[in-house]
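Here the structure comes first, spelled out in structure tokens, and everything after it is commentary.
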Amino acid sequence: MNFSSLMLAPELIRIQEKLAANWVAPAKVNAIRGEFMRQCDALDGLADGIINNYMACRAIFDVKQGRPGRDPWAAKRCPNNVDPKPQDTSAEACLTSGQISTLQMVYSPYNFATPLANGVKSFGMWVPNTDPSGSGLILPGRYKGQEGAAPDAPFHSHLGVLGVTGYLMRDLNANPLDYVEGGPLNQRRMELSQLLDATNPDLSAFQKRGGKLIVVIGTDDTLASPGAQLDYYQSVVDKMGRSNVDAFARLWVLPQTNHGLTGRTWTADGQAQQAIPNGYDRFGIITDWVEKNQAPGKSIEVTAGDRALPMCSYPAFPKYVKGPTGDARSWECATK
Ligand SMILES: [Ca+2]
């Protein structure tokens, strides 16, 4: 994890929304979720309300990955950039170009002005998910420093805001939205990164002393950026090599689950349905590995009642092959 994840990123989104035209209001949640589902649900071989192929979905909505001219939001653009029904909360609601510019920022990596600790050049931001307003990603109000804010509007506040006003700006009364990437605070930003960012991809010292590591993340996590977590996984694999990592670590992903690793399937028009399988013997598998040297498989089965899915090692995802959809044997861990 790093400083950006809990502290700076929520402020970066509010800074992006300083212009009133860029404000993504809560009415748009169903439209955003519906578009993620429409383009991504079936990428795992089954339209079942779970976006399992998180890597392909992330690539679709990441506008910084090449393919100039591609517009993942084309189907949601308001005709002539005028929203006829800003209060429309249905999945059919449209989005203006300003709102889409904010969504492009939220769902694409954010490039830092200068590399930070461990040579990290960007922050992974968020992965397309079914909780687009979770943890304050979308907010109903306007804040001091934003266009259209009331004279007595509050400062934007968030779980990690003291990291920005305290650590970075060193003024608890400062407006966190005054932060400028690459501005006068850049040196301080780099210092904080060295102090706080847990982004070192070299886990060889831990491995050498016999350490075993099991990490599970959810791609619907709106609190700790799943984009940054996936990018960290990739940096570990790049640094240490896949087979070496597999010898002492499991980097598992539970698609469409949140910070607490729970989630539900969704219909495209905004109805939450079944719980996503997430049950497994969390304590037993790490105990067996450490105490009995019994390594877990690269994938294991996760359950919800009588339904099961495989939980796969990054970057693999559960892909439907054939058979009963609630049987883990109907799925395989695939990378494309
Ligand atoms: Ca699916």
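Since every read-out is calculated from the coordinates, none of them should be taken as a lab result. Model, not experiment: these values are computed from the prediction.
Percent relative contact order of the stretch 3-196, based on C-alpha pairs within less than 8 angstrom and at least six residues apart? All intermediate terms of the calculation are to be shown ahead of the outcome.
Working: 277 pairs, mean separation 55.8, N = 194.
Relative contact order of the stretch 3-196: 29 percent.
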Note on the stretch 141-191: contact order normalised by length, alpha-carbon pairs under 8 Å, 6 or more apart, percent, works out to 26 percent
In the structure shown, of 64/298; 64/336; 28/64; 121/212; 298/319, the pairs separated by more than 26 angstrom at the C-alpha atoms are 64/298; 121/212
Mean separation of Cα contacts under 8 Å (at least 6 apart) over the residue count of the chain, i.e. the relative contact order in percent, is 20 percent
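What is the extension gain from residue 298 to residue 113, computed as 0.36 nm multiplied by their sequence separation minus the C-alpha to C-alpha distance, in nm to one decimal? Let's see the in-between values first.
Values: separation 185, 0.36 × 185 = 66.60 nm, distance 3.72 nm.
Using 0.36 nm per residue and subtracting the Cα-Cα distance, I get 62.9 nm.
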The chain, Gaussian network, Cα under 10 Å: of 82, 164, 63, the residue fluctuating most is 82
